[in-house]
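Take a look at the structure below.
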Amino acid sequence: DSGVTQTPKHLITATGQRVTLRCSPRSGDLSVYWYQQSLDQGLQFLIQYYNGEERAKGNILERFSAQQFPDLHSELNLSSLELGDSALYFCASSAGQIENSPLHFGNGTRLTVT
Amino acid sequence: SQQGEEDPQALSIQEGENATMNCSYKTSINNLQWYRQNSGRGLVHLILIRSNEREKHSGRLRVTLDTSKKSSSLLITASRAADTASYFCAKVFRGSNYKLTFGKGTLLTVNP
């Protein structure tokens, strides 16, 4: 058990809808990362937060947004969903800077857009 | 693209054999990390090797890094059926210290 909790585990929704994915990092970890994993694109970095502030952005679509709250949990909001957004969404946390601290991943949320 | 490649894409071996997976990249790194992913599950960190290190060990795992060739390898010795998983190489590139960039991974199957 990595200590990172993601909810829900599965999500099935229709095109055009909006969903929120939630992540609780490991106790004490200040950094939260979001990744998208699909068969064709592999693991794509979306966004990182550190202690409530956005630290880095990757290939995150404008329809997607995220935030990290004062209690350090994070939410990833996906709107105007398209079929191509179907993927596994992972949250990971780390204790320190990425040069020295590995990422600890949750078990992901599997999103299916129909 | 900075990502580079991992090879092979898939590897099938018998229990007890050694498995070697390779990772290449194109631009300078701060560190390189290996992760394992069991089907449909979250990734698990295996080893982190810094750019000034050449080799690291953890149990049956051995990681080497050759910065002159911009490549790394992961060796699993005396493999077990439980080692069946996808293995990913992830890089922190110089100048992008907040991002860990993953490769496409190697699917390892260890047959009992």
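Averaged across the residues of A:36-46, what count of C-beta atoms belonging to other chains lies within 10 Å of each residue's C-beta?
Neighbouring Cβ atoms belonging to other protein chains average 3 per residue here.
Distance in nm between label sites at B:Lys69 and B:Glu5, each 7 Å beyond Cα in the beta-carbon direction?
For B:Lys69 paired with B:Glu5, the spin-label model returns 1.5 nm.
Is there a pair in A:Lys57/B:Lys104; A:Lys9/B:Lys26; A:Lys57/B:Lys26 whose C-alpha atoms are over 31 Å apart, and which pairs would that be?
Violating the 31 Å Cα-Cα cut-off are A:Lys9/B:Lys26.
Within 10 Å of each Cβ in peptide A:102-108, how many partner chain Cβ atoms are there on average? Round it to a whole number, please.
Across A:102-108, the average partner-chain Cβ count within 10 Å equals 6.
Tell me, what is the FRET efficiency for B:Ser39 and A:Glu75 to the nearest 0.05, using R0 = 30 angstrom and their Cβ-Cβ distance as r?
So the FRET efficiency works out to roughly 0.65.
Calculate the spin-label point distance for A:Lys9 paired with A:Leu61, positioning each point 7 Å from the Cα along the beta-carbon direction, and give it in nanometres.
In this crude spin-label approximation the distance works out to 2.6 nm.
At what distance in angstrom do the alpha carbon centres of the range A:32-81 and the range B:11-73 lie from each other?
What the calculation gives is 26 Å, centre to centre.
What full-extension length gain, to one decimal in nm, is calculated for B:Arg80 and B:Gln14 as 0.36 nm per residue of separation minus the Cα-Cα distance?
Numbers: separation 66, 0.36 × 66 = 23.76 nm, distance 0.82 nm.
Additional length available on full extension: 22.9 nm.
What dipole magnitude, in Debye to the nearest 20, does the protein assembly as shown give about its Cα centre under +1 on Lys/Arg Cβ and -1 on Asp/Glu Cβ?
In debye, rounded to 20, the protein assembly as shown gives about 240.
By DSSP, what percent of the beta bridges with both residues in chain A are antiparallel, rounded to the nearest 5?
Details: 37 of 41 bridges.
Beta bridges within chain A, antiparallel portion: roughly 90 percent.
Estimate the FRET efficiency between A:Ala95 and B:Arg60 by the formula 1/(1 + (r/R0)^6), using the beta-carbon distance for r and 22 Å for R0, to the nearest 0.05.
0.30
Readers should treat all values here as calculations from the given coordinates under stated rules, not as data from a laboratory. For clarity, every value in this text was computed on a predicted model and none was experimentally measured. Cβ atoms come from the backbone with ideal geometry, glycine included; neighbour counts cover every protein chain shown.
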